[in-house]
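Structure, as structure tokens:
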Amino acid sequence: MDSSQSSVLENDLSVVIVDQHEKAQVEPTHGSPSRSNTPSRHDKQNVEVSKVGMKFDCDDSAYEFYKEYAQRIGFSVRKQFVKRAKTGQLKRRTFCCSKEGERSVDKRREQVSFRRPVSRVGCLAQMTCQLQKDGMLEVVSFHEQHNHELASSPIKHMSRSKREIAPAQKAIANDVERPGISITQAIDSLSMQAGGGENLEFMNVDYKNSVHNERETALKKGDGCTVMEYFRKMQLEDPSFFYSIQVDDDNQIMNIFWADARSIVDYGHFGDVICFDTTSRTNTYDRHFAPFVGVNHHKQTIIFGATLLYSETIESYKWLFETFLSAMSWKQPRTILTDQSTAMAKAIAEVFPESNHRLCVWHIYQEATMHLSHVFDSFQEFANDFSDCVYGYEDEDEWLVAWDNMLEKYALVDNKWLGGIFDVKEKWAMVYGRHMFTADMKSTQRSESMNNVLKKYLNVKLDFVHFSGQYSRVLADKRHQELQAEFKMRRTKPVLRVDLEMLGHAVEFYTPEIFPMFQDEYLKMGDCKIYRVSKSDTIKEYKVTYRERKQEHLVKYEALATIVECSCMKFNFIGILCVHALKVFDKKNIRRLPAHYILKRWTKDAKVGSIKDYRGIYIKGNTQESIGKRYSHLSHKFREISTLAAESEMMYEHAKRCFENLLKDLQEMRKKCYSESMEGCVKVHGEAIHADVLQSNSGFDSHKDITSQDYVVGHYFQYLYGLNQVSSPPDVIQEEHHIGNNSK
């Protein structure tokens with residue numbers, strides 16, 4: 001239908017509809033069309049011209065016209081009949097009132113205890129179109145009479161056929177939903193903007209169904225392009241953003257890892273100890289969502305990166321840890337805390353040869369309560385004895401004796417579970433790990449507590465893009481907490497319990513969270529006894545005891561270099577001197593901490609210094625913060641414009657035209673930027689992709705070439721939702737984005 005004809009028909013239709021609307025508010029009648037409540041027409045010829053004889057270029061145009069007519073009159077429509085040629089071409093189509101027909105007889109009516117309300121009453125109102133020789137669909141029949149009450153203005157928007165969520169409303173609702181607000185709250189926000197729910201032109205259930213259907217569609221299609229668009233968008237906003245994807249021989253995605261610039265910076269400052277826990281499944285794909293976490297100088301949990309794991313094989317863990325290291329410029333942590341996994345342990349031994357691998361003590365305790373529940377229930381002192389074997393003892397021989405005594409005391413010599421953990425005692429018993437720095441983290445409880453935090457934020461039913469968006473919100477909130485701690489640290493100072501020079505010196509550089517730990521150790525000196533046990537030309541040895549405890553701690557002191565070593569090794573695994581070493585310093589009249597006993601990661605200046613990303617480029621500031629500031633500034637300006645423009649129709653129309661032109665200009669600029677970024681692309685499986693996306697297998701045996709990430713991600717979601725099943729974990733190959741050569 002050409003534009004001139006459409007305009008004329010629209011005008012004619014408006015005249016007739018206004019006439020009908022004014023006279024349609026009558027009492028409902030039932031029965032034959034001859035007793036319809038459809039009003040009479042003042043201009044019969046005009047009515048016929050505006051309907052019979054109208055032409056449309058396609059079926060959809062006719063349907064939209066009839067829906068618009070029905071909306072204005074006050075009824076709902078549906079597609080009733082269609083006739084097609086053998087070629088599939090539409091020849092005849094009938095649209096009818098939704099109340100057409102009668103409810104069929106329910107053969108189970110005698111057994112059914114309740115029934116749905118009757119909605120069909122045999123209404124004959126309809127519009128029939130037939131294909132003409134000119135290829136147009138012409139209205140050949142138009143029945144206006146209804147045998148039921150028409151909807152009045154306040155409830156017209158509830159008609160099913162016309163209820164529709166506009167694209168702009170979907171966009172607004174999606175923006176509201178991303179922060180984790182419920183669907184109901186999103187609808188309330190839209191209602192407020194529209195001036196009331198009656199102006200939305202859709203019902204709450206429509207929006208809920210729309211959100212559900214969109215997610216289902218994305219899952220069924222495996223919308224890999226959307227995922228890749230998310231990653232590309234993140235890299236446009238954050239050039240140092242890193243992501244990597246592992247695929248198998250069939251180009252099916254198995255695992256994903258990603259980290260933003262701030263996570264990489266945090267790892268540069270606090271990556272000496274990392275926790276990695278895969279025991280929690282927190283996303284809708286039923287895949288392990290496992291964050292790499294650590295602790296900052298305020299003793300707050302921080303996130304270094306996140307992964308979605310499909311499989312937990314040695315190869316998958318090797319890929320993940322190598323990818324993590326490549327993102328972090330191959331900086332090895334001093335200690336890794338994990339749960340107990342043979343595959344993970346083997347991968348760590350290969351990928352992190354310079355790191356200490358410690359097992360989660362919390363998991364050891366949890367398993368102990370399961371395997372030794374009868375012992376815990378029968379002997380109250382067993383918990384203390386078992387705890388001593390975990391945390392106590394400074395001498396290995398003494399620990400071995402205590403372990404054997406515990407087994408004999410509780411008749412556990414042949415216990416298989418205790419025998420199994422004894423074989424890996426070097427990874428969990430403190431007597432074997434006192435020399436390993438753990439930043440005061442003895443288990444992966446920080447990782448597990450982070451998983452609990454993530455569960456509060458993340459909706460487990462979300463797809464990957466929404467899931468990642470809410471994960472970013474978690475990062476933002478955790479980083480805001482650090483910012484608050486920084487602000488408080490710069491504005492206040494901890495109170496000294498005693499005015500001593502050592503404490504006055506320490507309070508100047510330790511953070512408010514670390515200084516109390518040091519102060520507690522220092523003030524315990526008054527309850528310590530010290531005596532010298534040996535002396536040489538360079539080293540003196542002392543025995544120090546605390547209060548009435550029998551255990552004596554051997555402290556070696558080298559005066560020339562001001563070096564002190566205690567058998568408890570607290571400085572080694574926490575980074576703060578113990579009371580025993582401080583007692584020796586006090587005896588030697590040392591009133592200030594030597595510089596080599598001030599660990600930078602615990603000081604106020606822990607984050608001083610620049611960090612390079614995986615490309616060897618220094619990371620500049622917080623890109624997300626810059627985006628947030630720009631967005632905030634523009635939002636403020638647009639609010640001022642909107643407030644002023646809403647005062648009159650003329651200003652509103654002017655602002656609307658300006659906004660539309662501005663939107664078109666920005667969209668064109670974005671397209672231009674995207675096209676420039678796609679220069680140098682190659683075609684893989686018919687899709688354009690950057691040449692630098694394609695990487696070698698990097699350490700894996702011969703496999704075929706890597707395909708487009710867009711293509712691969714699509715198959716990933718088929719795996720996630722069970723559309724493709726894998727009988728056994730396949731071999732893997734690697735694909736990474738912008739990480740260059742994987743060689744160290």
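The values are calculated or read from the model by the stated rules, or taken from the named source; none is laboratory data. Please read these numbers as outputs of a predicted model, since none were measured by experiment. All Cβ positions, even for glycine, are placed from backbone atoms using ideal geometry, and neighbour counts span all protein chains on display. Remember, those area values only see protein heavy atoms, side chains included, never the ligands or the DNA or RNA. Shrake-Rupley method; radii C 1.70, N 1.55, O 1.52, S 1.80 Å.
For the reader, a short list of remarks on this structure follows.
- Inter-site label distance for Leu483 and Thr369 at 7 Å from Cα along Cβ, in nm: 3.8
- Largest to smallest in accessible area, the residues Met669, Met234 fall in the order Met669, Met234 (1.4 Å probe, all protein chains included).
- Multiplying the residue separation of Tyr391 and Asp377 by 0.36 nm and removing their Cα-Cα distance gives an extension gain of 2.9 nm.
- Annotation: amide H-H contacts under 5 Å for Ser98 (H modelled 1.01 Å from N, sequence separation of 5 or more, or interchain): Ser76, Val77, Arg78.
- Cβ-defined net charge surrounding Glu548, 10 Å radius [Lys, Arg +1; Asp, Glu -1]: +3
- Protein-only accessible surface at a 1.4 angstrom probe places the residues Arg72, Arg592 in the order Arg592, Arg72, largest first.
- Total formal charge among the other residues, if their Cβ is under 10 angstrom from that of Glu486, Lys/Arg +1 and Asp/Glu -1: +4
- Couplings for the range 51-63, taken from phi via the Karplus curve 6.51 cos²θ - 1.76 cosθ + 1.60 with θ = phi - 60°, read 10, 4, x, 5, 10, 9, 7, 7, 4, 5, 4, 5, 5 Hz in order; Gly and Pro are left as x.
- When peptides 133-141, 659-667 are ranked by their average number of other Cβ atoms within 10 Å per residue, the highest-first order is 133-141, 659-667.
- Surface listing: Glu552, Glu102, Glu144 arranged by accessible area from highest to lowest gives Glu102, Glu552, Glu144, probe 1.4 Å.
- Between Arg547 and Asn405, the distance separating the two model label sites (each 7 Å from Cα on the Cα→Cβ line) works out to 2.1 nm.
- Distance-filtered residues of the range 341-372 - backbone nitrogen under 14 Å, label point 7 angstrom along Glu426 Cα→Cβ: 346, 349-350, 353-359
- Note: relative contact order over the range 376-433, using C-alpha pairs below 8 Å and six or more positions apart, is 41 percent.
- Accessible surface of Thr301 - all protein chains present, 1.4 Å probe, nearest 10 Å²: 20
- Across the range 469-479, computed HN-Hα scalar couplings (Karplus, 6.51 cos²θ - 1.76 cosθ + 1.60, θ = phi - 60°) run x, 6, 4, 4, 5, 4, 4, 4, 5, 4, 6 Hz from first to last residue, x flagging Gly and Pro.
- Label-point gap, in nm, between Ser642 and Lys556 - each point 7 angstrom along Cα→Cβ: 7.0
- What the Cβ-Cβ distance of Cys58 and Gln145 gives, at R0 = 30 Å and to the nearest 0.05, is a FRET efficiency of 0.65.
- Potential lengthening between Val465 and Thr538 on full extension [0.36 nm per residue; Cα-Cα distance subtracted]: 20.0 nm
- Computed from the C-beta positions of Lys656 and Ser189, the FRET efficiency with R₀ = 25 Å rounds to 0.70.
- For the pair Ile314 and Trp417, a Förster radius of 30 Å applied to the C-beta separation gives a FRET efficiency near 0.80, rounded to the nearest 0.05.
- By definition, a body whose alpha carbon gyration tensor gives a ≥ b ≥ c is oblate when a/c is 1.5 or more and a/b is not larger than b/c, and the range 496-562 fits this oblate description.
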